[in-house]
Amino acid sequence: MPSRIMSGNLAERALPSLYGDSSFQGLAEAALEASYDSILITDNNLNHPEIVYVNPAFCEMTGWSRDEVIGHTPAILQGEETDRNVTDRLRRALKAGRDFEGRTINYRKNGRPFHIEWRTSPVLNENDEVTHFLAIQRDVTAQVRLMQRLRQQAESDGLTELLNHKAGENELKLAIARAQKEKRPLSVSLFDIDHFKTVNDDHGHATGDLVIERIGRLINQHLNRQDIGVRWGGEEFLLIFLETDREAAQQAAEAFRRLIANMRFHDEISVTASFGVAQYRSGEDSVALFQRADDALYKAKKEGRNRVCASKP
């Protein structure tokens with residue numbers, strides 16, 4: 001609910017008094033100044049709200065001093081990663097006289113982004129007129145990063161840092177749904193390392209793990225940012241090429257085949273890989289698409305390995 005407080009004397013810092021009793025003015029200021037959470041107060045101009053007060057916690061969180069932000073709009077904290085949908089919802093809520101709770105990315109004075117969670121409320125006077133907007137803010141960057149690390153650990157393969165099988169399955173289903181909805185091409189390439197059992201048998205599992213790790217690193221380094229690399233299992237990998245037709249996916253797979261063939265490991269060990277490529281067909285599911293890529297991979301192995309074969313369009 002909106003805060004119902006008097007808007008009279010703002011104690012030279014635009015701090016409203018509590019409950020219409022000026023004897024609480026000092027207490028209000030002390031509470032705001034001592035608050036662990038960042039507090040920001042603006043005037044009631046939604047088109048160009050000016051900051052009239054910030055507390056020490058705000059200054060510590062953002063790196064801005066009071067003198068630097070008073071008279072500016074809260075947009076001074078925003079940047080390219082700030083979610084405009086969130087700020088638009090904030091404005092609509094305040095215009096309707098409602099409280100708003102949200103989370104977005106803001107920027108410190110030094111330009112570094114941080115995650116913020118906040119609640120903003122209209123401040124009403126005794127005539128139910130909005131005089132100010134009060135925002136209580138908290139830096140939740142540490143919590144967000146922790147959740148991101150936990151999610152990454154749950155979704156990543158520990159050896160290669162690619163997506164694991166389960167996460168890869170989910171991404172493939174999402175990619176298919178987008179391709180179907182947006183009528184855009186989508187291709188996949190399934191590949192595995194040729195004669196990998198021989199590597200383990202002749203050189204040990206530690207060397208085998210090194211080969212897997214290095215190939216995962218190669219994928220991370222050379223795969224386009226929009227595309228997705230997955231350690232599908234054992235020595236098998238899946239590449240998901242978004243907005244890519246079969247011909248372009250074949251070219252990308254061939255580039256990876258050459259990169260792998262030119263890699264050298266301990267004791268000048270080298271390996272090759274066989275690739276199967278398939279382009280998504282409208283209406284098919286992830287199982288069908290994967291099966292066609294797997295069939296193409298089987299064909300590549302049958303024809304002598306260290307090559308790329310593609311499924312029919």
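No value in this document is a laboratory result; all are computed from the given coordinates. If you're wondering where the values come from, they're calculated on a predicted model, not measured in any experiment. Here the Cβ positions follow ideal geometry from the backbone for every residue, glycine too, while neighbour counts run over all protein chains shown.
So if I place +1 on the C-beta of Lys and Arg and -1 on the C-beta of Asp and Glu, and nothing else carries charge, what would the dipole magnitude of the range 96-161 be about its Cα centre? I want it in debye, nearest 20.
With only Lys, Arg, Asp and Glu charged at Cβ, the dipole is about 400 debye.
Could you state the number of Å between the C-alpha centres of the range 265-313 and the range 97-115?
First find each Cα centre; the distance between them is then 46 Å.
Contact order normalised by length for the range 52-160, with contacts defined as Cα pairs under 8 Å and 6 or more residues apart; what percent is it?
18
Stretched out fully, how many nm does the piece from residue 98 to residue 225 gain, at 0.36 nm a residue minus the Cα gap?
The span from residue 98 to residue 225 would gain 41.7 nm if fully extended.
Ranking request for peptides 286-293, 84-91: highest mean number of other beta-carbon atoms within 10 Å first, then the rest in descending order.
Output ranking for 286-293, 84-91: 286-293, 84-91.
Please list, or write none, the aspartates and glutamates whose alpha carbon is within less than 19 Å of the alpha carbon of residue 109, excluding same-chain residues fewer than 8 places away.
Straight-line reach from residue 109, under 19 Å: 37, 50, 60, 67, 68, 80, 81, 83, 117, 139.
Filter 181/312; 197/299; 183/302; 197/301; 183/299; 173/302 down to the pairs with a C-alpha to C-alpha distance above 25 Å, please.
Beyond 25 Å between Cα atoms: 183/302; 183/299; 173/302.
Please give the helix 246-261 orientation as an angle from the longest Cα principal axis of the chain, in degrees from 0 to 90, rounded to the nearest 10.
Compared with the principal axis, the helix lies near 70 degrees.
Looking only at the range 86-232, where both bridge partners belong to it, what percent of the DSSP beta bridges are antiparallel (to the nearest 5)?
95
What number do you get for the chain when its Cα radius of gyration is normalised by 2.2 N^0.38 Å, N = residues?
1.47
What is the angle, in °, between the Cα long axis of helix 25-34 and the longest principal axis of the Cα atoms in the chain? Nearest 10 is fine, range 0 to 90.
Helix 25-34 sits roughly 20 degrees off the main axis of the chain.
With 27 Å as the cut-off, how large is the P(r) tail for the range 75-217, expressed as percent of Cα-Cα pairs?
Distances greater than 27 Å cover 55 percent of the Cα pairs.
Just in the range 206-281: which trypsin sites (Lys or Arg not before Pro) are loop by DSSP and have at most 11 other Cβ atoms within 10 Å?
Taking the range 206-281 and a limit of 11 other Cβ atoms within 10 Å, the loop trypsin sites (Lys or Arg not before Pro) found are 225, 264.
At a threshold of 8 angstrom on Cα-Cα distance, excluding pairs fewer than six apart, so keeping six or more, what relative contact order does the range 133-258 reach in percent?
Relative contact order here is 31 percent.
Using alpha-carbon positions, what is the distance between the centroids of the range 247-262 and the range 150-164, in Å?
24
Give me the one-decimal nm value for the distance between modelled label points at residue 80 and residue 181, 7 Å along each residue's Cα-to-Cβ direction.
According to this spin-label approximation, the distance is 2.6 nm.
Test of understanding: what is the full-extension gain from residue 89 to residue 33, defined as 0.36 nm times their sequence separation minus their Cα-Cα distance?
17.3 nm
Considering all alpha-carbon pairs of the range 227-281, what whole percent are spaced by more than 12 angstrom?
Here the long-distance tail beyond 12 Å is 70 percent of all Cα pairs in the range 227-281.
Please state the Cα pair-distance histogram of the range 148-288 with 5 angstrom bins from zero: what percent is in each bin?
The distribution over the range 148-288 is 2, 10, 20, 22, 19, 13, 9, 4, 1, 0, given as percents.
Of 168, 275, 44, which is farthest on the positive side of the dipole of the chain, counting Cα position, with +1 on Lys and Arg Cβ, -1 on Asp and Glu Cβ, and the Cα centre as origin?
Result: 275.
Using a simple charge model, +1 on the beta-carbon of Lys and Arg, -1 on the beta-carbon of Asp and Glu, nothing else, what dipole does the chain show about its Cα centre, in debye to the nearest 20?
The calculated dipole for the chain is roughly 1060 debye.
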